[in-house]
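For reference, the structure discussed in these notes is given below.
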Amino acid sequence: MEAIRIERLSKTFANGRKALDEIDLRVEPGEMVALIGASGSGKSTLLRHIAGFTASDAQPSQIAILGRPIQQNGRIVREVRSIRRDIGFVFQQFNLVNRLSVETNVLVGALSRLSWWRRLTGLFPRAERALSMAALNEVGIGEHARERAANLSGGQQQRAALARALVQRARIVLADEPIASLDPESSRRVMDMLRALNVDHQLTVLVSLHQVDIAMQYCPRTVALRRGKVVYDGPSAALGPALLKKLYGDDARELLDETRDSAHANHATHTATVAAPEPDNPPAATGYAFALKPAHSN
Ligand SMILES: Nc1ncnc2c1ncn2[C@@H]1O[C@H](COP(=O)(O)OP(=O)(O)O)[C@@H](O)[C@H]1O
Ligand SMILES: [Mg+2]
């Protein structure tokens, strides 16, 4: 069973803008997948649909989380809250409650698992507190547990958001440009933590990123969006400048600027072999389906 399964997902906003166009996507449990694309390509819209925050167009379509539909044919299912317990959502702008302590913010992750009277009284069981401290220590900000969230740096707040996903016992983390507001050093630490959630806790991670070099460094697989369509789904290592330019055309510059100076120098050779695969003859070495769209592969 897939961690995330998306079939024929389209979204047209009220203003007529088609933000998602027949998306088909499967993510297996334990994968760490990058979602890349220029601004406006549909990354946030896709992640919000997967979490059941937004309903798709009313056409035959489905999104299932660990085998349970979260929305179908443009309708979010009644049990959305229970399904969403498996999902930790990390936002670009941190989304902590500033006036509450870091620890309380992280404990909020446990709320969906606590009884109604504990939720009302704000009494968290000792076990939850211990879990929350362990999570904060794991992401390296245990010493800030009692501080107000507002006092933390952006990188620390983002690590608190990851601790919250751990305390929630989420199985899947959806992170929407989690490092877009961070300096390079904080970005690296947040990405390291995301990888630790993936490797040490076997969480499935789908992370949207603006920087292709970060995607290549941390995520074995990349899904690229352009104007609401999946235009690439395959090994991140094959995402060289030539392929990006081919996929993104004039938009490539925006994605490549941050990549050009990085140490990944040997992409051209990969690109030559991967840029134009036969749909029926994918590279054999990869562990998952490789597709170069719009040539329909399924
Ligand atoms: N609530 C909305 N109403 C109308 N158009 C929207 C809305 N949200 C996003 N869009 C449009 O949908 C497209 C995809 O946006 P988005 O998912 O935010 O892209 P990304 O996250 O890749 O930058 C853009 O053209 C954007 O302007
Ligand atoms: Mg976005």
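Residues of region 26-41 that are over 16 Å from residue 178 (Cα atoms), over 13 Å from the mean Cα position of the chain (by Cα) and either surrounded by 21 or more Cβ atoms within 10 Å (Cβ to Cβ) or within 16 Å of ligand 2 (Cβ to nearest atom) (or both): 40, 41.
Does region 6-47 hold any residues that are closer than 30 Å to residue 196 by Cα, in contact with an Asp or Glu (Cβ under 8 Å, 6 or more places away or on another chain) and charged (D, E, K, R), and which are they? Within region 6-47, 7, 24, 26, 28, 43 meet the criteria.
For every residue, the table says whether it meets (1) at pLDDT below 95; (2) away from ligand 2 (no atom under 16 Å from the Cβ); (3) within 16 Å of the chain's Cα centre (by Cα).
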residue	(1), (2), (3)
192	no, yes, yes
198	no, yes, yes
212	yes, no, yes
216	yes, yes, yes
240	yes, yes, no
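On inspection, residue 127 fails the criterion of being within 16 Å of ligand 2 (Cβ to nearest atom), modelled with pLDDT under 95 and not polar (S, T, N, Q).
Contact map, region 30-52: residues that are farther than 21 Å from residue 62 by Cα and modelled with pLDDT under 95 paired with residues that are of a type in the set (Asp, Glu) and part of a helix (DSSP H, G or I), Cβ distance under 7 Å, separation 6+ or inter-chain. Pairs shown: 38/251; 38/254.
Checked against the criteria, residue 74 counts as within 16 Å of ligand 1 (Cβ to nearest atom) and on the phi > 0 side of the Ramachandran plot. Among the residues making up region 1-18, those that are touching a residue at least 40 places away in the same chain (Cβ under 8 Å) and either β-branched (Val, Ile, Thr) or surrounded by fewer than 22 Cβ atoms within 10 Å (Cβ to Cβ) (or both) are 1, 2, 4, 5, 6, 7, 8, 10, 12, 18.
The values are calculated or read from the model by the stated rules, or taken from the named source; none is laboratory data. As the structure is a computational prediction, the values presented were derived from the model and not from experiment. Glycine gets a Cβ as well: all are built from the backbone with ideal geometry, and neighbour counts include every protein chain shown.
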